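Asker: Take a look at this one; I'll ask things after.
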Amino acid sequence: MPTPKDLAGLARPSPAHPAPAGAQSATLRWSSDRGWVERTGGPQESPETAALPMLAQLTTAEQRWADREEDITAVSGDPFEVGQVFARRWTERLATSAHLGHLSGEYPRIPHRIDGELLRYAARFGLLAHKDDQIDEHDRYAIRAGFWREVDSRTGTERPHADDKTPDA
């Protein structure tokens, strides 16, 4: 059975067999917004997207405490509502509306870092399925739909939204 070190060595060309010129590295990146991995070397995140702050960066210790209190007492844990609460907090704490306008232009893709933080926040409400510690696909769609509905309400953007609470088919 190969060790992790053995597997890592397979990704690097040995000195006896150099990689052909122009060959790209095989670095993989997990994409929480698509649920699969992709190779680097494709289109990179724009500087505006990379500059979007995460909610944790915008939140003071006092706000974090108040958020936990609200989560316990007022947030039901419905996936759509969880997405809305996260987006409401994020948009209210932004220093500039330019970030909000840029995020709105990214629809339907939530930037990777913010999406990861959104899903980690949702996991605190017990939305993880027991299998593989993953949030159910329908719940992920509802969380993201709630996020976009709140962002759109803040920007005044009208979009045709999918049914918030899709029935199990």
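The values are calculated or read from the model by the stated rules, or taken from the named source; none is laboratory data. What you see is a predicted model, and the numbers here were worked out from it, not measured in a lab. Backbone-built Cβ (ideal geometry, glycine too); neighbour counts: all protein chains shown. Accessible surface is based on the protein model in full, side chains and every heavy atom, while ligands, DNA and RNA are left aside. Shrake-Rupley method; radii C 1.70, N 1.55, O 1.52, S 1.80 Å.
Asker: Pairs needed: first member in region 44-63, closer than 12 Å to residue 99 by Cβ; second member anywhere, assigned to a helix (DSSP H, G or I) and open to solvent by 60 Å² or more (accessible area, probe 1.4 Å); C-beta distance under 6 Å; at least 6 residues apart or different chains.
Answerer: Going by the 6 Å Cβ cut-off, the qualifying pairs are 54/113.
Asker: Still on this model: Yes or no: residue 122 hydrophobic (A, V, I, L, M, F, W, C) and either surrounded by fewer than 16 Cβ atoms within 10 Å (Cβ to Cβ) or more than 29 Å from residue 61 (Cβ to Cβ) (or both)?
Answerer: no
Asker: Can you run down the residue pairs with Cβ atoms below 6 Å, 6 or more apart or on separate chains, where the first is in region 146-164 and part of a loop (DSSP other than H, G, I, E, B) and the partner is of a type outside the set (Lys, Arg) and at pLDDT 80 or above?
Answerer: 157/104; 159/152; 164/80; 164/145
Asker: In region 126-140, which residues are at pLDDT below 90 and either under 23 Å from residue 92 (Cα atoms) or of a type in the set (Val, Ile, Thr) (or both)?
Answerer: Of everything in region 126-140, just one residue is at pLDDT below 90 and either under 23 Å from residue 92 (Cα atoms) or of a type in the set (Val, Ile, Thr) (or both), namely 135.
Asker: Looking at region 52-107, which of its residues are open to solvent by 60 Å² or more (accessible area, probe 1.4 Å), under 17 Å from residue 152 (Cβ atoms) and not in a helix (DSSP H, G or I)?
Answerer: 107
Asker: Can you tell which of 110, 143 is crowded, with 21+ Cβ neighbours inside 10 Å, of a type in the set (A, V, I, L, M, F, W, C), at pLDDT 85 or above and assigned to a loop (DSSP other than H, G, I, E, B)?
Answerer: Just a single option satisfies the conditions, and that option is 110.
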